[in-house]
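In what follows, a single structure is set out as structure tokens and then discussed.
The values are calculated or read from the model by the stated rules, or taken from the named source; none is laboratory data. These numbers were taken from a predicted model, which means no experiment stands behind them. Counting neighbours? That spans all protein chains shown, and the Cβs are built from the backbone with ideal geometry, glycine included.
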Amino acid sequence: MKLSFQIKLFISLVAFFSVLFVLLGSYYYIDVGRQLYQEMSIRAKIQAEEIALIPGLPAMTAQKDIPALHAFMQKIAAHSDASFIVIGDNKGVHLFHSVYADRVGTTLVGGDNEEVLKGKSTTTIRKGGLGISLRSKAPIFNAAGQVVGIVSVGYLTSYLDTITVSKMINILIAAALLLVALFVFSWFFTRSIKKQIFSLEPREIGLLVRQQKAMMESIYEGVIAIDSQMRIEVINQAARKLLGLSQPARELRGQLISQVITPVPFFASRTLLTKDTHDEICRFNDLTVIASRIRIMLEGALQGWVITFRDRNEIDSLSAQLSQVKRYVDNLRIMRHEQLNRMTTLSGLLHMGRYDEAIRYIQAQSEHAQELLDFISSRFSSPTLCGLLLGKAARAREKGVELNFDPACRMDRPFTGLAEAELISIIGNLLDNAIEATQRAPLPHEPVEVLITLSASELIIEVADRGVGIKPEIRERIFERGMTTKTRGDHGIGLYLIESYVTQAGGAVEVADNAPRGAIFSLFIPARHPTQELEVTHDAT
């Protein structure tokens, strides 16, 4: 059974402080005993030396006046806290004993009288008649300076130990009360910690941290979390890559966001506190991004913000590709609508019995369409490309523009130099640009010339219009993202995609002026032969 974090922390705190109290108690017990023995030895020595200096005591000792000594010393012993007071003569024989009077006349026990009889005071722990004791002995001098006796003041070690134990009991009571208080504190402390970590166990927290790190690094968008002081708390790999930051995430943590991203209104204090924002276009350093900002709130208090952002150019590219697909669908819808109108007219003529008119209508309407259908279907093997060209032709007619296909058009096998979706995007964008440029030119609108031919070595695509042309000041930047001459629709993406696809395929794009006006776009894309495909595959593996 696994214990919870709260129980583990509680047990750990209690065990730690219990061991700490035992160690401190043992040390204190030894230290108290040591200090008590020092104090009592000093006290015994002082008492012994003071008693030896009492007037009249040397004379009574020298004369061995036992009754007088007994009467005199009993008064002194009654006011002393010593375990015993003993008076002996210069031969080491008892003259007075405060506890046992019958010891008078017997020899002093302990074997520590030699130094005292030489005139020195001593303090020793010896076993005497009452047991082991701490005793201090002082010599009694007569008027001539001769040692005539010994004063011994002692404290039994059992008495000293009793004093030490009584002190330790008081300390243990205080320690026990403190330990109980610690138990209560540790219990509530662990509950508080558990609440702050949302009742998660440490292993669960570790797992969440690893999961969060993995999730942050797997997010394609840049993510930055900042605290309420505008300091970076978290920054993922995508954010560092988009912003061109070479420092690792640990070095960026704690830095102000203004040190990493050039100050912009998106990070202004007033803006941050006003409201959250989604999909706002702004500029981080030299990168145009679409960014979102969400506040982090905890128990009603602001903790910081999470900022997510993505390169706007990538989103624009995806949008352009999606728009191209939509245009392709629109072309099919236009063709379907056009055919439905024709079939409705034909149905009406047949119902009215006007068969000759119906035949002439069919011939008139289908002659050009059939020619175009036959031409495209016979020259292009891709059904998708055929559908695109037919749709663009129908759409151009609706806008008053004709598409003229060069007789040299031919693409009767799959082209391996580009993916079909890329090829459709290139041709669709070129035709859309040419149709719009022609529409903007003065009436009457001249046709758009189209050449698509696939040789053994390359694919050539050429679209020539007699529209408004390209202004000289933007000719050098015509393929840059965002650069356009259009007045509506997708701006600055179509030509950028064309140039990107062609360049990636190893091809080239040429732009020239048409006569008397307009522009000619010529694309040369090398074909990839099967042997080249095998080499590329082998290199990739």
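When the residues of region 385-434 are filtered to those that are among the aliphatic types (A, V, I, L, M) and part of a strand (DSSP E or B), which remaining residue is nearest to the chain's Cα centre (by Cα)? Outline the logic, then answer.
To start, the set of residues in region 385-434 that are among the aliphatic types (A, V, I, L, M) comprises 385, 388-390, 393-394, 396, 401, 403, 408, 411, 418-419, 421, 423-424, 426-427, 430-431, 434.
After this cut, where a residue has to be part of a strand (DSSP E or B) as well, the list is 403, 411.
On the way: Leu403: 59, Met411: 55 Å.
Once the filter is applied, the top-ranked residue is Met411.
Counting only helices (runs of 4 or more DSSP H) that fall entirely inside region 193-258 and contain at least 1 residues that are at pLDDT below 75, the qualifying elements are 202-218. Pairs meeting the criteria (first residue in region 32-60 and without any contact (Cβ under 8 Å) to a residue 60 or more places away in the chain and closer than 16 Å to Val86 by Cβ, second residue in a helix (DSSP H, G or I) and among the small types (Gly, Ala, Ser), beta carbons under 9 Å, at least 6 apart or on different chains) are Met60/Ala68.
Gly33 meets the stated requirement of being surrounded by 14 or more Cβ atoms within 10 Å (Cβ to Cβ), in a helix (DSSP H, G or I), on the phi < 0 side of the Ramachandran plot and not β-branched (Val, Ile, Thr).
Number of residues in region 259-275 that are within 17 Å of Gly222 (Cβ to Cβ) and not in a helix (DSSP H, G or I) equals 3. For Ala138, the stated conditions hold: it is in contact (Cβ under 8 Å) with a residue 40 or more places away in the chain and of a type outside the set (S, T, N, Q). State which residue is farthest from Ala44 (Cα to Cα) when the search covers only region 139-170 and only residues that are among the hydroxyl-bearing types (Ser, Thr, Tyr) and surrounded by 14 or more Cβ atoms within 10 Å (Cβ to Cβ). Step by step, filter region 139-170, then rank; the result is Thr164. Checking Val14, Val22 one by one, the residue that is over 23 Å from Ser158 (Cα atoms) and out of contact with any Ser or Thr (no Cβ under 9 Å at 6 or more places or on another chain) is Val22 and no other.
Determine whether Phe189 is free of Cβ contacts under 8 Å to residues at least 40 places away in the same chain, part of a helix (DSSP H, G or I) and among the aromatic types (Phe, Trp, Tyr). So Phe189 does not fit the description; no. Just one of the listed residues (Gly254, Gly145) is free of Cβ contacts under 8 Å to residues at least 40 places away in the same chain and closer than 30 Å to His97 by Cβ, and it is Gly145. Of note, Leu182 satisfies the criterion of being crowded, with 16+ Cβ neighbours inside 10 Å and in a helix (DSSP H, G or I). List the number of the failed condition for Leu423; all other conditions in (1) surrounded by fewer than 16 Cβ atoms within 10 Å (Cβ to Cβ); (2) among the aliphatic types (A, V, I, L, M); (3) closer than 15 Å to Leu388 by Cβ hold. The single condition Leu423 does not satisfy is (1).
Ile461 meets all of the listed conditions (1) at pLDDT below 90; (2) under 28 Å from Ser382 (Cβ atoms) but one, namely (1). Determine which member of the set Ile54, Ile42 is modelled with pLDDT of 85 or more, exposed (fewer than 13 other Cβ atoms within 10 Å of the Cβ) and on the phi < 0 side of the Ramachandran plot. None of the other options fit; the residue is Ile42.
Which helices (runs of 4 or more DSSP H) does region 44-121 wholly contain that include 3 or more residues that are in contact with a Gly (Cβ under 8 Å, 6 or more places away or on another chain)?
Numbers: elements: 57-63, 66-78, 114-117.
In region 44-121, the matching helices (runs of 4 or more DSSP H) lie at 57-63.
Is region 147-158 home to any residue that is modelled with pLDDT of 75 or more and in a helix (DSSP H, G or I)? Yes, some residue in region 147-158 is modelled with pLDDT of 75 or more and in a helix (DSSP H, G or I).
Suppose we keep only residues that are farther than 12 Å from Met230 by Cβ and surrounded by fewer than 15 Cβ atoms within 10 Å (Cβ to Cβ) within region 246-263. Which one would you say is farthest from the chain's Cα centre (by Cα)?
Of region 246-263, the ones farther than 12 Å from Met230 by Cβ are 246-253, 262.
Pick out the ones that are also surrounded by fewer than 15 Cβ atoms within 10 Å (Cβ to Cβ) and you get 246-248, 250-251, 253, 262.
Numbers: Ser246: 18, Gln247: 15, Pro248: 12, Arg250: 9, Glu251: 12, Arg253: 9, Thr262: 23 Å.
For region 246-263, the residue satisfying everything is Thr262.
Of a type in the set (D, E, K, R), farther than 30 Å from Ser166 by Cα and touching a Lys or Arg at 6+ places or on another chain (Cβ under 8 Å) - does that describe any residue in region 50-73?
Filtering region 50-73 for residues of a type in the set (D, E, K, R) gives 50, 64-65.
Adding the requirement that they be farther than 30 Å from Ser166 by Cα leaves 64-65.
Among the residues that remain, those that are also touching a Lys or Arg at 6+ places or on another chain (Cβ under 8 Å) are: none.
No - not one qualifying residue is present in region 50-73.
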